[in-house]
1. In the stretch 65-98, what count of residues is obtained for those that are part of a helix (DSSP H, G or I) and either modelled with pLDDT under 90 or under 20 Å from residue 12 (Cα atoms) (or both)?
2. Can you name every residue in the stretch 56-70 that is without any contact (Cβ under 8 Å) to a residue 24 or more places away in the chain and over 9 Å from the mean Cα position of the chain (by Cα)?
3. Restricting to the stretch 18-58, what's the tally of residues that are within 18 Å of residue 80 (Cα to Cα), in contact with a helix residue (DSSP H, G or I) (Cβ under 9 Å, 6 or more places away or on another chain) and part of a loop (DSSP other than H, G, I, E, B)?
4. Among what's in the stretch 20-34 and is touching a residue at least 40 places away in the same chain (Cβ under 8 Å) and over 12 Å from the mean Cα position of the chain (by Cα), pick the residue that is surrounded by the most Cβ atoms within 10 Å (Cβ to Cβ).
């Protein structure tokens, strides 16, 4: 009846996601994110947004997105479609960093 709940239960509670293949814990950070964010400059601009003084918007965008990706990294089966929801927040943070630059 609720596909997301069924998928969550199958992958996390029952732990059967590894039946579809496994990837190392660092897969999202070193393989998926560089492909999803495309521009290598993004990885330089995101830290600038977080460290920007007097404005916590970059930090409020990046920290939850990184926690989201980190938690999903604990699952053995990894696909880019699981973390694609963090890309808009990270892209917005890169825009804030570019604005500061």
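1. 16
2. Listed by number, the residues that qualify are 56, 59, 60, 63.
3. Summing the residues that are within 18 Å of residue 80 (Cα to Cα), in contact with a helix residue (DSSP H, G or I) (Cβ under 9 Å, 6 or more places away or on another chain) and part of a loop (DSSP other than H, G, I, E, B) in the stretch 18-58 gives 6.
4. That would be 23.
The values are calculated or read from the model by the stated rules, or taken from the named source; none is laboratory data. Because the structure is a prediction, the values reported are computed rather than measured. Methodologically, a virtual Cβ is constructed for each residue, glycine included, from the backbone with ideal geometry; neighbour enumeration extends over all protein chains shown.
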